[in-house]
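This report concerns only the one structure given below.
Just so you know, all these numbers are worked out from the coordinates, no wet-lab data involved. Because the structure is predicted, anything quoted here is derived from the model rather than measured. Cβ atoms come from the backbone with ideal geometry, glycine included; neighbour counts cover every protein chain shown.
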Amino acid sequence: MKKQRPLSNCVLALLAVNILSCLLFVRLDVTSNRQYSLSPVSKSIIARVNEDISVDLYMSSGLSREERRLGKEFVHLLKEYRGIHRHRFSINVITPNTEEDQLMALERGIELVSRETVDRDMVQLRTILFGATIRVGNRVTVIPRIMPFTPLEYEFTRVLKENRETVKPVIGLVTGHGEIHPNDISLVIGEIYPVAEIESLFMHPRVDLSRYKVICIIGPADSFSPLELDLLEEYVERGGRLFIALNHAVGKAGLTPTYGFINRVGIEEWLEHFGLRIKYDFIVDRNSNVVSITRPPSFLSSFPRRLNFPYAPVIVDFSKHLITENLRAISLEYASSIEAIPSPAGYTFTWLAKSSSMSGVKEIPVVINSLQTTKSHDFNKSKRTVAALLGNEQTGGAIVTITNADFMQDAFYSPTRHDNINFVANAIEWLADDSGLINLRNKYVTRQPVTPVTYLARATLQVINLLLPPLLVGLIALWARQKKRRKRLRRMYSNEL
């Protein structure tokens, strides 16, 4: 019997480790931006929620491997929230395979998606559900569909924040100057709508601008009057905040050379009072978008050619600001350079985005020839600022400016250009709210790599991962054995006395 005691101790220790692993959720995060760790913003907000929370995650059995991995990550994320929350927090993973479960999910707002699958050389049409409902107290919020680029921590923390703050800030979209219509930027509005109220704003002397947390000027084609500019200046000097996207440089790619021109709307000169100058030029960049050009039919060829279009730069150089943190790239159609100038208004200039090291500028007049081959001397001025922030610490006023507006339109969108939407949403949300919630918007599970490690470090981690659990079990068993031995020796010593 004595020989079996170490084995029984090992079994007991193993059971103890398993029980602790079920009760305590701990994981190490070695990603470059702490992808798998709750941010301080999320920890602060969840700690202040004084109501029960219930999450129902709907995951059909026909999900892809990436979607299953994303669902598992969402569950792990919820467990971290649960570890901080001081009230009841339930997590329910539901597989809606029956018709009754699917009907219940649809009634709760989960989106039904059709998908083609190949099984035994047969194409089948299947329907899947992958979404969640979040109940905080008596309030229910629905995530209709979870997709690979859904910022899970942002969405959940936003729900918690909305539950505490019932009054949303008001965002005004200026109209009356040929601005881009809200219907054409529905993706941007969809990102902002959950955290703010959005209204159209027509500038006139009797309008109360103080009720708007942020005023957005997006792609105006016509000029602003001096009265309107005075109203905007008064608004900013009182601590107001502006998001300005101008189609300053205007051009068109085509088979024949065309002239590019500068569209002046009065905002350009107005911004100089605050220390920002938009130059009358076109940025060209070797890191640019590709366009398809079809030559006129001829006996040689009429097939389209895919060419880099240097007047449509892809911006990958961002500052370490909350607005641009974790952005990968934004694609612009045309852009002009921005520079800081002295200003008595007391505003600080901060660049947000720049062109690449292989970029330059074309002074107007500009002839745009899509078929013309660029040369090295065309990229004569690198790192030109295309987006900047002006801020005043005393008044709280702030202005975000970017020299292109068409890049945020729905027609310009593609999955690879999702950061176009993120940049605009981040900028407006930062201007409307200083809580730091926008830090979470770009923490995509599918895009964040782990920190690169050497082969030796990787092998060391694998060995530790393999040997650490049995080593812990052995140490616990050894400690238990020594404890019993000391107890037995004390008993024997007391009996001898």
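Fewest neighbouring Cβ atoms within 10 Å first, the residues 91, 244 line up as 91, 244. Each of 156, 261 was scored by other Cβ atoms within 10 Å of its Cβ. Listed from fewest to most, they are 261, 156. Among 208, 101, the ranking by other beta carbons within 10 Å of each residue's beta carbon, starting with the fewest, stands as 208, 101. Distance from the C-alpha centroid of the range 411-434 to that of the range 205-255: 18 Å, rounded to the whole angstrom. Only lysines eight or more places from residue 483 in sequence, or on another chain, were considered; those with a Cα closer than 25 Å are 2, 3.
May I ask for the distance between the Cα centers of the range 352-407 and the range 322-345, given as a whole number of Å? Using only Cα atoms, the two centres lie 7 Å from each other. Between the listed residues 217, 258, 243, the Cα displaced farthest toward the positive end of the dipole of the range 214-274, a dipole computed from Cβ unit charges relative to the Cα centre, is found at 258. Rank 290, 274, 194 by how far each Cα sits towards the positive end of the charge dipole of the range 170-432 (+1 on Lys, Arg Cβ; -1 on Asp, Glu Cβ) and give me just the farthest. Checking the options against the dipole of the range 170-432, the answer is 290. For the range 37-163, the alpha-carbon coordinates run over 53, 29, 19 Å along the three principal axes, in decreasing order. The magnitude of the dipole of the range 96-219, with charges of +1 and -1 set on the Cβ of Lys/Arg and Asp/Glu and taken from the Cα centre, is near 500 debye. Given the options 127, 97, 76, identify the residue whose Cα lies farthest towards the positive end of the charge dipole of the range 37-163 (+1 on Cβ of Lys, Arg; -1 on Cβ of Asp, Glu). The Cα lying farthest towards the positive end belongs to 76. For the range 170-432, the average shadow cast by the Cα convex hull is 14.5 nm², which is a quarter of the hull's surface. Rounded to the nearest 20, the size of the Cβ-charge dipole of the range 152-255 about its Cα centre is 180 debye, with Lys and Arg at +1 and Asp and Glu at -1.
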